[in-house]
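Structure record follows, encoded as structure tokens.
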Amino acid sequence: MNYPKASHYDKNLVKDLIMGPNPIKLEEELLRECKLPASSVVMDLGCGKGLTSVFLAKEYGFRVFAPDLWIKPTENQRFFERMGITREQIVPLYADANALPFAEAFFDGVVSVDSYNFFGRDPEWLDKRLLPFVKRGGWLYIAIPGMHKDCHDALPPELLLSWTPEQLDYIHDVAWWERILRQSRDAVLVSVREMESNDECWADWLACDNEYAIGDRKSMAAGAGKYLNFIEIVLRKK
């Protein structure tokens, strides 16, 4: 997988801001066949420290609303200003994904990288908590960590070097997610598949010096990567 857009971003900047395997590389693959035109109003759900929001604004020309529960919007706003982003391009917000503060049918689309798996595992969540804010015909592009095949009944010891069974319950395989998402009454599941992006995104993350990246090195050095992937989900609101 080549990343002509993500490769232009300073490696040190990326290392300082990412909170898991490289999200802008995942985002670039996720949006290879994006149906949303430039100037679309897009929610970057679970934006973290804002790098994905900048990527959406700069590379795709979207107007972005960037909610996150863990990173303060003032902190993200300062980053956006350093990146030359105007307040018209990105609006940072503090918000819980279970209580999003938007008007109904406000968004042309939603993009979410490495966060949907934390709150979207309930089959009712999509229809109740997210789709009301998306216009009819709007697109949702989601990338999440996953497994090649669910193994929760007998977790490999390599995975348990870095993560607890409770943490691993946030990730599942394509078949599991397809079963969950096909229960939606208000969205069509356009596609769900394993992504090409994996090893390089993990390498970028493991090269970081923060405690979470360092903790993940134990499992990955032991070969846990052979069980893991990233999953792309594309939905369209009916």
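Which of (1) surrounded by fewer than 22 Cβ atoms within 10 Å (Cβ to Cβ); (2) of a type in the set (F, W, Y); (3) under 17 Å from the mean Cα position of the chain (by Cα) does Y9 not meet, given it meets every other one?
Condition not satisfied by Y9: (3).
Among the residues of the range 22-35, is any part of a loop (DSSP other than H, G, I, E, B), closer than 27 Å to D127 by Cα, basic (K, R) and in contact (Cβ under 8 Å) with a residue 40 or more places away in the chain?
Scanning the range 22-35 turns up at least one residue that is part of a loop (DSSP other than H, G, I, E, B), closer than 27 Å to D127 by Cα, basic (K, R) and in contact (Cβ under 8 Å) with a residue 40 or more places away in the chain.
Out of the residues in the range 98-121 that are more than 14 Å from P23 (Cβ to Cβ) and in contact with a Gly (Cβ under 7 Å, 6 or more places away or on another chain), which is surrounded by the fewest Cβ atoms within 10 Å (Cβ to Cβ)?
D108
Being surrounded by fewer than 24 Cβ atoms within 10 Å (Cβ to Cβ), of a type in the set (A, V, I, L, M, F, W, C) and farther than 15 Å from D16 by Cα is the filter here; which residues of the range 58-89 pass it?
L69, W70, I85, listed by residue number.
Quick test for you: out of V64, V54, pick the one residue that is in contact with a helix residue (DSSP H, G or I) (Cβ under 6 Å, 6 or more places away or on another chain) and farther than 19 Å from F119 by Cα.
Of the residues listed, the single one that is in contact with a helix residue (DSSP H, G or I) (Cβ under 6 Å, 6 or more places away or on another chain) and farther than 19 Å from F119 by Cα is V64.
Restricting attention to helices (runs of 4 or more DSSP H) lying wholly within the range 150-228, give those where 1 or more residues are surrounded by 12 or more Cβ atoms within 10 Å (Cβ to Cβ) and small (G, A, S).
199-206, 211-221
For the subset of the range 121-148 comprising residues that are free of Cβ contacts under 8 Å to residues at least 60 places away in the same chain and either aliphatic (A, V, I, L, M) or assigned to a loop (DSSP other than H, G, I, E, B) (or both), which member is nearest to E27 (Cα to Cα)?
R121
Considering only the range 43-84, how many residues are β-branched (V, I, T), within 20 Å of F106 (Cβ to Cβ) and not in a strand (DSSP E or B)?
Residues in the range 43-84 being β-branched (V, I, T), within 20 Å of F106 (Cβ to Cβ) and not in a strand (DSSP E or B): 1 in total.
Being over 16 Å from H148 (Cα atoms) and either out of contact with any Leu (no Cβ under 6 Å at 6 or more places or on another chain) or without any contact (Cβ under 8 Å) to a residue 40 or more places away in the chain (or both) is the filter here, so list the residues in the range 169-188 that pass it.
The answer is I180, R182, Q183, R185, V188.
Show the residue pairs meeting these rules: Cβ distance below 7 Å; 6+ apart or different chains; first residue within the range 189-210 and more than 30 Å from G138 (Cβ to Cβ); second residue aliphatic (A, V, I, L, M) and not in a loop (DSSP other than H, G, I, E, B).
W202/M220; D204/V14; W205/A213; L206/A213; L206/M220
Taken together, the values in this text are just the output of simple stated rules run on the coordinates, not laboratory data. Keep in mind that what you see is a predicted model, and the values were worked out from it rather than measured. Using ideal geometry, Cβ is built from the backbone for each residue, glycine included, and neighbour counts are taken over all protein chains shown.
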